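Report on the structure given below.
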Amino acid sequence: MRKVYLSFLGRGALDKEAKEYRYTPAVYELQGRKSKKTEFVQAAEIEILGAANFDLFVVAATEVSRDSHFASLESQLKDLGAKKISLITIGEDMSAEGQWNWFEQILSRIEFRDELTVDMTHGFRLTPVIFSAAINFLQKARNITIGAVYYGAFEKRDEFGCAPIVDMKDFYIVNEWAEAVSRLVEDADARKMAAVASNAPGFQTGGLNDKKIVEALEDLTNAIRNVEVNRVAEKAKTALDLITKQRASASFTGKTLLDLVIDKFSLLVMDHPPSGKYDRNYFIIQREIIQLLLEHKLFMQAYTVMREFIGSIGLIEVDKAGYATKQGRDQRYRFSEVFIKMVELPEQEWNFPEKAINGVRRLEPYYQKLKALGVVDLLRGVVGELIRYRNGFDHAWTSKDRAPSDIEDAGSIMFERLRQILSLMEERGLLR
C-alpha cells in the first residue's frame, strides 16, 4: 500500500504592483506543530508530517499555475526530502467533458489500496469540488483509504500571522454513510451502517457506534439473510430497543440514521412477547419477513420462508408443536413435510411411505377442517409451483439451462396468495 500526497496548485492572488500572481508567505500550524514561513501550504504540511511518510507527491495544476509556481513548490518539497514528485497539468475547460478529463488524469495516478492524503487549499476553480465528489469513486474503484483532507485556513491567521491547517477527513465519511444508507434501504442490510458507525466520530453516529447496537444490527442482518425465521423477531426487538433508547440523545443527523433503521425493521417486531407457538403473531412475522426479502430481491431466502410458512400451517393444531423448545421443534420434523405433501397432491394421489402414515392419520382431521374452509384449495394452488422454484434454488438451477425469468413476479403472486390464506385463517378463527 502506497501513501500518496495529492495537492492542487492555483494561481494565487494578483500582486497589482508586480502584475503577477503570488501566494503570501505564512506560518502554518498542524497537529500542534508550526512550520517555517512559506508561501506554499503544501511545503508547510510536508515539513510537519515528514516527507519520508509518503511514497509519491502528486501536484495538479493548470498551465498558468504550473508556469508561475510549480518550480518553486517542487524545489521546496525536494529540500524537505520528497523523492518522487508527479505533476498533472489540467486544462481550464469548464465543460462536463473537461471536468471528467481532470478527474481521469488524477485517477491514473492513484493505485489500488493507496492511502491518500489530500490538500484542497489552492485548488483551481471547481477542481476541489470535482475531486471531493470523486473521492467516493476512488474509495470503491481503487479501494483507497483517506489519511487526511487538509485545508490551510490562511484567512484565519492569528495575531502572530500563524494560520491553522484543518483536517476535513471526518466529513468525507459522509460517502460511507451514503453507501450504508443505500445498503439499508435497498438491501435491508444494516451491516455497513454498523461498520461505518464503529469507526465514525461520535458526533456523527447518533449512538450507532455503541458496541451493543453494532452487534445487534449485525446479528439482525445475519438472521434475515441466513433465514433464521424463528429468531428474526427477537433480534429485531433487541436492536430496536437499543436504538430507541439512544435516539433520545442523538443529534439531528443521528436521529435521521436511527429512524431509518427503525422504519426498516419495525414491522418485524411482535406486539407481544413470542409464545413459542404457531399462532397469529408467528405467521404475521413470517409474512413481514417474506415481504422484506422479496422487496430486496433476496428471492432464494424468500422462497425458503414461503415454503416453511406452509409447513408451519400444518403444525397449528399439533399438540406440543412449537419453535421455542427441542420437543416442539421435533414435532415439526415429524409433521411439517407430511403436511406439505398432503396439500401438494390431490388425495387420490397420496402414496405415503410407511414411516409417514402415522403423521397423515394425525393430521387428517385438521386437513379436513382446512379443506372445508377452502384453505386446502388455496394452498394447493401455490405449493406445487413454490416447491418447484425452491428446488431450483436448492440445486443452483443445474437441471435447467437457466433460471426462470419470472422469479420475481412468481414470488409476488405466491406471496399474495399466502396473504389471502393467512387472512382467511384469521377470519375463520384458526389463529389466535
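A few points about this structure:
- As for segment 249-269, it holds at least one residue that is hydroxyl-bearing (Ser, Thr, Tyr), assigned by TED's automatic domain parsing to the domain that holds VAL181 and outside any helix (DSSP H, G or I).
- Condition check for ARG109: within 36 Å of the chain's Cα centre (by Cα), exposed (fewer than 13 other Cβ atoms within 10 Å of the Cβ) and part of a loop (DSSP other than H, G, I, E, B): no
- Residues of segment 386-432 that are farther than 20 Å from VAL305 by Cα, without any contact (Cβ under 8 Å) to a residue 24 or more places away in the chain and in a loop (DSSP other than H, G, I, E, B): THR398, SER399, LYS400, ASP401, ARG402, SER405, GLY429.
- Residue in segment 117-135 that is modelled with pLDDT of 85 or more and among the aliphatic types (A, V, I, L, M) present: yes
- Filtering segment 313-343 to residues that are of a type in the set (Phe, Trp, Tyr) and surrounded by 12 or more Cβ atoms within 10 Å (Cβ to Cβ) leaves TYR323, PHE335, PHE339.
- Scanning segment 39-95 for residues that are of a type in the set (Ser, Thr, Tyr) and either outside any loop (DSSP other than H, G, I, E, B) or free of Cβ contacts under 8 Å to residues at least 24 places away in the same chain (or both) yields SER65, SER68, SER72, SER75, SER86, THR89, SER95.
- For segment 16-74, residues that are surrounded by fewer than 16 Cβ atoms within 10 Å (Cβ to Cβ), under 17 Å from ALA163 (Cβ atoms) and touching a helix residue (DSSP H, G or I) at 6+ places or on another chain (Cβ under 6 Å) total 1.
- Residue match in segment 344-357 (condition: touching a helix residue (DSSP H, G or I) at 6+ places or on another chain (Cβ under 8 Å), assigned to a helix (DSSP H, G or I) and surrounded by 19 or more Cβ atoms within 10 Å (Cβ to Cβ)): no
- Condition check for GLU347: over 19 Å from ARG280 (Cβ atoms) and more than 36 Å from the chain's Cα centre (by Cα): yes
- Some residue of segment 288-311 being aromatic (Phe, Trp, Tyr), under 27 Å from ILE387 (Cα atoms) and outside the structural domain of VAL375 (by TED's automatic domain parsing): no
- Test for VAL318: is it within 27 Å of TYR366 (Cβ to Cβ), among the aliphatic types (A, V, I, L, M) and either in a loop (DSSP other than H, G, I, E, B) or under 32 Å from the mean Cα position of the chain (by Cα) (or both): yes
- Residue match in segment 223-230 (condition: modelled with pLDDT of 80 or more, in a helix (DSSP H, G or I), buried (at least 22 other Cβ atoms within 10 Å of the Cβ) and assigned by TED's automatic domain parsing to the domain that holds GLY392): no
- Output for segment 314-336, where each listed residue is over 17 Å from PRO274 (Cβ atoms) and of a type in the set (D, E, K, R): GLU317, ASP319, ASP330, ARG334
- Number of the exception - LYS78 against (1) modelled with pLDDT under 95; (2) over 23 Å from VAL166 (Cα atoms): (1)
- Criterion: closer than 20 Å to LYS297 by Cβ and surrounded by 13 or more Cβ atoms within 10 Å (Cβ to Cβ) - qualifying residue of LEU378, LEU424, LEU418: LEU418
The values are calculated or read from the model by the stated rules, or taken from the named source; none is laboratory data. It should be emphasised that the depicted structure is a prediction, and the values quoted were computed from it without experimental measurement. Cβ atoms come from the backbone with ideal geometry, glycine included; neighbour counts cover every protein chain shown.
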